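Here's the structure, in structure tokens; my notes come after.
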Amino acid sequence: MSAKKSDESAGFSAAERAAMKERAKELKAEAKASKNREAGEKDLLAKVEEMAEADRKMALRLHEIMKDVAPELMPRTWYGMPAYTREGKVICFFQASSKFGVRYSTFGFQEDANLDDGNMWPTSFALTKLTSAEEARIRELVKQALS
């Protein structure tokens, strides 16, 4: 069996395995360091700097929005992506399109975000561009997630 077939049979792509390794590194760093805003923001911004230009611009703008709308959330990385937490739990995150080679970036929420609306509601949103309309919607969603 070739190395490629062996990798495919493992069930995870190379990008997914890299994300898991990144997360393991993050967990070790969290365990060693005190969780403070400055350290989390430094790690987040370092990951953003590694992104392709279009993704980087969106991630930086989202970071500014998060600081404005939800200053109580702690910035950090999560599987190598910018994320924002409350009491150690991820509330929302940004996934760059280049992370997994897809056509759009994603702004998403985790289960501790208060977005419940009946029996079904969206928890992630595709982003190809971040205009004032998308920024306004993200601001509303983040405020709702924290309510």
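Figures for the structure shown
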read-out: Close pairs (8 angstrom Cβ cut-off, 6 or more residues apart or separate chains): within 13 Å of GLN95 (Cα to Cα) in the stretch 42-70, modelled with pLDDT under 95 and among the β-branched types (Val, Ile, Thr) anywhere; value: LEU44/THR77; LYS47/THR77
read-out: Of all residues making up the stretch 84-124, the number that are on the phi > 0 side of the Ramachandran plot and touching a strand residue (DSSP E or B) at 6+ places or on another chain (Cβ under 6 Å); value: 0
read-out: Any hit, the stretch 79-96, residues being of a type outside the set (S, T, N, Q), without any contact (Cβ under 8 Å) to a residue 12 or more places away in the chain and under 17 Å from LEU27 (Cα atoms); value: yes
read-out: LYS42 vs. criteria closer than 23 Å to PHE125 by Cα and modelled with pLDDT of 90 or more; value: no
read-out: Sole exception among (1) of a type in the set (Asp, Glu); (2) modelled with pLDDT of 95 or more; (3) out of contact with any helix residue (DSSP H, G or I) (no Cβ under 6 Å at 6 or more places or on another chain) for ASP55, by number; value: (3)
read-out: Residues of the stretch 33-74 classified as over 13 Å from the mean Cα position of the chain (by Cα) and within 19 Å of THR131 (Cα to Cα), total; value: 10
read-out: Selection count, the stretch 122-147, where residues are surrounded by fewer than 11 Cβ atoms within 10 Å (Cβ to Cβ) and either in a loop (DSSP other than H, G, I, E, B) or touching a Phe, Trp or Tyr at 6+ places or on another chain (Cβ under 9 Å) (or both); value: 3
read-out: Close pairs (7 angstrom Cβ cut-off, 6 or more residues apart or separate chains): among the aromatic types (Phe, Trp, Tyr) in the stretch 17-28, exposed (fewer than 12 other Cβ atoms within 10 Å of the Cβ) and not in a helix (DSSP H, G or I) anywhere; value: none
read-out: Residue among ALA46, ALA59 that is farther than 18 Å from PHE100 by Cα and small (Gly, Ala, Ser); value: ALA46
read-out: Within the stretch 35-97, strands (runs of 3 or more DSSP E) holding 1 or more residues that are crowded, with 16+ Cβ neighbours inside 10 Å and in contact with a His (Cβ under 8 Å, 6 or more places away or on another chain); value: 74-78, 81-86
read-out: Pick from the stretch 103-121, criterion in contact (Cβ under 8 Å) with a residue 24 or more places away in the chain and part of a loop (DSSP other than H, G, I, E, B), ranking: surrounded by the fewest Cβ atoms within 10 Å (Cβ to Cβ); value: ARG103
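The values are calculated or read from the model by the stated rules, or taken from the named source; none is laboratory data. Just so we're clear, the structure is a prediction, and the values are computed from it rather than from any experiment. Because the Cβ atoms are built from the backbone with ideal geometry, glycine has one as well, and the counts that use them run over all protein chains shown.
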